[in-house]
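Enquirer: Quick one: structure below, then a few questions.
The values are calculated or read from the model by the stated rules, or taken from the named source; none is laboratory data. Predicted, not measured: the structure shown is a model, and the values here were computed from it. When we count neighbours, we look across all protein chains shown, and the Cβ atoms used for this are built from the backbone with ideal geometry, even at glycine. With ligands, DNA and RNA removed, areas are computed over all heavy atoms of the protein, side chains included. Shrake-Rupley method; radii C 1.70, N 1.55, O 1.52, S 1.80 Å.
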Amino acid sequence: MCDSARLGAGTQVLARAVVAADAVLGTACIVNHAASVDHECAIGDGVHVAPGATLCGLVRVGARAMIGAGAVVLPRLAIGDDAIVGAGAVVTRDVPAGAVVWGNPARIDTRASR
């Protein structure tokens, strides 16, 4: 973890995970094994970044969102509150709050019921 990164109370950064310069993570987040939160990302409370997921620079992730295993979120995008990014997805556009996205490129799953 970079010295300039800030972690909220109860946030966990697990083995081989990276939290880069000026990243800010809220409370009770998980950056799971081998996940990467790149420079200047802003992560809301209760977010889970699953194993091997990558948040490129300047990504914004809303509260309680889930970024699935091996997913990639391209730079300068926003993931809304309570959104789910499926495992292996490649996110090329902002994801609205509450949406479920998956695939490459990631698309909203209109069948998902939450």
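Enquirer: Could you run the Debye sum over the Cα atoms of the chain, one equal point scatterer each and no solvent, and tell me log10 of I(q)/I(0) at q = 0.16, 0.17, 0.19, 0.22 Å⁻¹, two decimals?
Expert: Treating every Cα as an identical point scatterer, log10 I(q)/I(0) equals -0.59, -0.67, -0.84, -1.14.
Enquirer: Quick one: Kirkwood hydrodynamic radius for segment 28-67, alpha-carbon pairs, angstrom, one decimal? Show your work: numbers first, answer last.
Expert: Values: mean 1/r = 0.1027 Å⁻¹.
The answer is 9.7 Å.
Enquirer: Oh, and also: Can you list residues from other chains, or at least 5 along the same chain, whose modelled amide H is less than 5 Å from the amide H of ILE79?
Expert: Here ARG60, VAL61, GLY62, VAL95 satisfy the definition.
Enquirer: Now for a separate question. Taking θ as phi - 60°, what are the ³J(HN,Hα) couplings along segment 34-49 by the Karplus curve (6.51, -1.76, 1.60), each to the nearest whole Hz, with x for Gly and Pro?
Expert: For segment 34-49, the Karplus-derived couplings read 6, 7, 10, 10, 7, 3, 6, 6, 10, 10, x, 5, x, 7, 10, 9 Hz, x marking Gly and Pro.
Enquirer: Hey, another quick one. Rolling a 1.4 Å sphere over the protein heavy atoms, what is the accessible area per residue of segment 1-83, to the nearest Å²?
Expert: Values: 3560 Å² over 83 residues.
Here the residues of segment 1-83 average 43 Å² of exposed surface.
Enquirer: Using a probe of 1.4 angstrom, how much of the accessible area of the chain is carbon and sulfur, in percent? Present the calculation step by step, with values, prior to reporting the outcome.
Expert: On the way: 3030 of 5540 Å².
After summing per-atom areas, the C and S share lands at 55 percent.
Enquirer: Calculate one ³J(HN,Hα) per residue across segment 97-105 by plugging θ = phi - 60° into the Karplus curve 6.51 cos²θ - 1.76 cosθ + 1.60, and present them in order as whole Hz with x for glycine and proline.
Expert: These are the phi-based 3J(HN,Hα) values: 4, x, 6, 10, 10, 7, x, 9, x Hz.
Enquirer: Would you mind working out the magnitude of the charge dipole of the chain relative to its Cα centre, with +1 at each Lys and Arg C-beta and -1 at each Asp and Glu C-beta, to the nearest 20 Debye? Walk me through the numbers on the way to the answer.
Expert: Numbers: 9 positive and 9 negative charges, 63 e Å.
Charge dipole, the chain, about its Cα centre: 300 debye, nearest 20.
Enquirer: Taking the full set of protein chains and a 1.4 angstrom probe, give the accessible area of ILE84 in square angstrom, rounded to the nearest 10.
Expert: 60 Å²
Enquirer: Tell me the net charge near VAL59. Cut-off is 15 Å between Cβ atoms, VAL59 excluded, with +1 for each Lys or Arg and -1 for each Asp or Glu. Don't skip to the end; give the middle numbers.
Expert: On the way: positive: ARG60, ARG76, ARG93; negative: ASP22, ASP38, GLU40, ASP81, ASP94.
Taking every Cβ under 15 Å from that of VAL59, the sum is -2.
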